[in-house]
Amino acid sequence: EVIRPVRASSSGPNQLDLLATRIVVGVILMVVAIGIYKVMQASKPAVQEVDPAAARQTVVVFEAQRLPVQRQWRGYGTAEALNTAAVPARVPATVESIPPGIRPGARVERDQLLVQLDGSDFERELEIAQQRIAELDASLAQLAVEEKRITERLTLEAIDVEIAQTEFDRQVRFRERNVGNQQDLDTARRNLINAHRNQLLTREAADLIGPRRLSLEAQIASQQSQVDLAELNRQRTTIVSPIDGVLQSIDVEIGENLAAGQTIARVVALSPIEVPIRVPASARAPLAVGARVILRPPSGPAATRTWTTP
């Protein structure tokens, strides 16, 4: 039987060495930390005491005074031209031409041509009315000739009546003397009646000369009104600007049929400009006529500009 030697356990001495090592390391770290603290405390800057009177802040003061200050209000408004003109078409016609420079934003002057309408229909109406006046003038001249002839007929018929009256009176005297016969008396009476009848008819024609002349003159005046209206309508086919300003819009095209009263353009005068301002209801009492107003655009290139009332 083999007998093996038994080794002694070394766990006890090893644990003591490890514990001793940890204690030594901990002591070293504490010594280092204390050293760092001492170094930092020795190198810290010295705190200097400041006199509170020297650190007091200086403030500029002034004496308060009571002054009247007007309250300010903010309102909003839209700039509008005080003088504007909506140019209408005054006659029904077709747009014939528009000048090349007539476009929105263009400057226009008073009586400058904006739109030219077709005036051929009104020119034809003018010719018809003038021809009708010529016909009525001819009828009036004919009436003057007729009046002259009627006057001559009245003179002749007056003589004819006088002769017939003389013949009738003669036949009456003959009949009273029992010289003439009844047939001659009746013939003389018939001739006298016919002479009076012809004279009455001629006088009636003469009396109608005046009314016929008035009728022709009235027709001439009516046709002259038609001539004036046709001429006026022909002139209205040339539409011009009523004021100096800027053309805001042009609402027609060449070949478009227009109705009377239809708006074809709008012209705006750039001066003067009016800005109706809307303010809160609470500002009605403080605000008064003549108050100072400062106008400022809210945005855009002119946002930095201001306009102040006098």
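Annotations for the structure displayed:
- The chain shape via C-alpha gyration tensor axes, a/c threshold 1.5: prolate
- Counting only whole DSSP H helices of the chain, the ones at least 15 Å long by C-alpha along their axis and with mean Kyte-Doolittle hydropathy no lower than 0.5 are 11-43.
- The smallest convex shape that holds all Cα atoms of the stretch 67-153, its convex hull, gives 278 Å³ per residue.
- q = 0.19, 0.25 Å⁻¹: log10 I(q)/I(0) that the Debye formula gives for the stretch 240-310, counting C-alpha atoms only: -0.95, -1.22
- For I250, no residue whose modelled amide H falls within less than 5 Å of its own remains once neighbours fewer than 5 places apart on the same chain are excluded.
- By a 1.4 Å probe calculation restricted to protein chains, K44 has an accessible surface near 130 Å², given to the nearest 10.
- By accessible area, using a 1.4 Å probe on protein heavy atoms only, the chain has 55% of its surface on carbon and sulfur.
- The average projected area of the stretch 144-205, computed from the convex hull of its Cα atoms over all directions, is 3.8 nm².
- When the Cα gyration tensor is reduced to axis lengths a ≥ b ≥ c, the ratio a/c is 1.5 or higher for the stretch 186-310, and with a/b above b/c it is classed as prolate.
- Here the peptides 210-218, 227-235 are ranked by packing, the mean other Cβ count within 10 Å, and the order with the highest first is 227-235, 210-218.
- Rg over Rh for the stretch 82-213 works out to 1.58, using Cα positions for both radii and the Kirkwood form for Rh.
- For L140, the shell of other residues with beta-carbons less than 11 Å away shows a net charge of -3, using +1 for Lys and Arg and -1 for Asp and Glu.
- I34 accessible area, assembled protein chains, probe 1.4 Å, Å²: 90 Å²
- Accessible area (Å², per residue) of the stretch 175-310, counting only protein heavy atoms and a probe of 1.4 Å: 68 Å²
- Just checking the listed ones, V293, V61, V39: in the Gaussian network model of the chain with Cα springs under 10 Å, the one fluctuating most is V39.
The values are calculated or read from the model by the stated rules, or taken from the named source; none is laboratory data. Fair warning: this is a prediction, and the values are worked out from it, not measured in the lab. Because the Cβ atoms are built from the backbone with ideal geometry, glycine has one as well, and the counts that use them run over all protein chains shown. Quick note on the areas: whole protein, heavy atoms, side chains included, nothing else; ligands and nucleic acids left out. Shrake-Rupley method; radii C 1.70, N 1.55, O 1.52, S 1.80 Å.
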